[in-house]
Amino acid sequence: MKWKRKANRAPLTKARKIIHIDMDAFFASVEQRDNPELRGKPIAVGGSKLRGVVAAASYEARVFGVRSAMPSVTAKRLCPDLIFVKSNFEKYREVSDQIREIFYSYTDLVEPLSLDEAYLDVTETKRGPASATLIAQAIRDEIFKTTDLTASAGVSFNKFLAKVASDINKPNGMKVIMLEEAADFLAQLPVEDFHGIGKVTAARMHKMGYRTGGDLRRLSEMEMAQRFGKVGRHYYRIVRALDDRPVNPNRNRKSVGAERTYSDDVSSPTVMKEKLDWLAEKVFAYLVERDNYGRTVTLKMKSPEFVIHTRSRSFSGEIRKLQDLREIAHQLLDENVEEVPTVRLLGLSVSNLEREGGEGVQLLLPFEEE
């Protein structure tokens with residue numbers, strides 16, 4: 001189904017009403033819904049006991065430390081009773097479409113971030129009450145009635161706060177941050193809970209003595225930039241709840257990628273994996289440098305006939321280890337090498353980045369590695 005999309009024209013002089021909806025353990029919850037024997041048990045979607053990577057984990061598995069993008073062997077070691085379930089992305093997309101139909105019944109201003117989350121601008125709505133809080137609750141109720149799945153919601157006057165709020169009372173909860181509450185809320189919020197501040201940067205902030213938004217707020221914009229580089233200006237704004245980004249129904253997915261064309265065609269899977277490892281290092285180094293990780297990995301393969309094949313895998317959490325990125329790339333290759341047994345180009349990209357903003361980045365690499 002195609003939905004009519006309009007540009008967000010809400011005037012900045014009028015406080016926006018923004019909702020961030022995030023499904024709870026989406027892939028795993030769909031599998032538990034469809035198989036009653038899996039309910040209440042620790043399950044991992046994707047991977048297997050001996051190989052592969054976890055695409056998503058149920059809350060029962062997360063208690064043991066199992067997480068998205070974790071090698072299956074590690075997940076099984078952490079949780080010996082872990083049950084592996086084969087992923088079914090066609091089914092997840094069908095459920096996601098059902099959920100989006102609910103979104104679009106309230107507003108055309110819907111910005112999907114992935115299959116399981118989206119921003120909605122309900123400043124002006126097609127139906128329902130005038131209260132964004134009541135609309136968010138109504139949407140959560142309709143999602144549960146339609147899909148038998150739970151969703152968490154964050155409600156506020158800008159996207160940043162709505163995103164942060166949706167994590168506060170997960171799973172199956174809701175948090176509202178009003179304009180008059182924002183300053184105190186952010187002053188007390190630990191830096192690691194700010195959307196857009198990754199684990200590496202949070203650890204660095206701790207070492208510098210900054211543990212809360214209130215600590216960061218004492219820094220001027222110039223001091224922020226001096227301590228954290230260009231992204232420091234972004235931190236300066238978010239700790240003050242300054243975010244005028246509109247909900248963009250035509251949002252392009254930002255990504256970081258690298259690709260390489262080879263002078264000689266490559267037909268050995270082992271050699272392909274070696275070359276993917278090299279690409280993974282380049283992409284991951286860029287992500288680490290900016291402390292901005294993503295949840296979707298895409299493999300690009302070009303055959304000698306110049307036919308391009310792309311395959312993607314999405315996860316419920318960011319890929320934060322180089323080895324995880326390598327494992328995912330290898331798995332995508334293994335699943336598709338029979339279809340494309342010989343390549344003249346390989347590419348690897350990471351999208352659905354944790355921190356929005358900026359353009360997609362294609363790393364410029366020489367024609368063939370030396």
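Each value in this text was obtained by applying a stated rule to the coordinates, not by laboratory testing. Not measured: the values here are computed from a predicted model. Here the Cβ is made from the backbone with ideal geometry for all residues, glycine too, and neighbour counts use every protein chain on show.
Some points to look at:
- Full-stretch length increase - Ala183, Arg93 - with 0.36 nm per residue and alpha-carbon distance subtracted: 28.6 nm
- Backbone geometry of region 95-106 corresponds, through the Karplus equation with coefficients 6.51, -1.76 and 1.60 at θ = phi - 60°, to 3J(HN,Hα) couplings of 5, 4, 5, 4, 5, 5, 4, 5, 4, 6, 6, 9 Hz, x marking Gly and Pro.
- What the Cβ-Cβ distance of Lys230 and Thr133 gives, at R0 = 25 Å and to the nearest 0.05, is a FRET efficiency of 0.10.
- Among the trypsin sites (Lys or Arg not before Pro) within region 97-145, those in coil by DSSP and having at most 13 neighbouring Cβ atoms inside 10 Å are Lys126, Arg127.
- Ranked by the mean number of other Cβ atoms within 10 Å of their residues, highest first, the peptides 152-160, 117-125, 74-82 come out as 152-160, 117-125, 74-82.
- With a Förster radius of 45 Å applied to the beta-carbon distance between Ser312 and Glu223, the computed FRET efficiency rounds to 0.65.
- Reduced Cα scattering model of the chain, Debye log10 I(q)/I(0), q = 0.06 Å⁻¹: -0.24
- Annotation: amide H of Thr107 within the under-5 Å range of Lys126, sequence separation 5 or more or interchain, hydrogens built in the peptide plane.
- Percent RCO, i.e. relative contact order, over region 64-176, from Cα pairs under 8 Å lying at least 6 residues apart: 14
- Applying a threshold of 28 Å to the alpha-carbon distances of Lys76/Lys199; Lys254/Lys300; Lys170/Lys199; Lys49/Lys321; Lys86/Lys199; Lys86/Lys163 flags Lys86/Lys199; Lys86/Lys163 as lying beyond it.
- GNM remark for the chain: springs join alpha carbons under 10 Å apart, and the peak mean-square fluctuation among Val54, Val283, Val307 falls on Val307.
- Taking every DSSP helix (H) stretch of at least 4 residues in the chain, weighting each as -39,500 (n - 2.57) and dividing the sum by the residue count yields a mean residue ellipticity at 222 nm of -11000 deg cm²/dmol.
- Most mobile of Val256, Val45, Val200 in a GNM of the chain (Cα contacts under 10 Å): Val200
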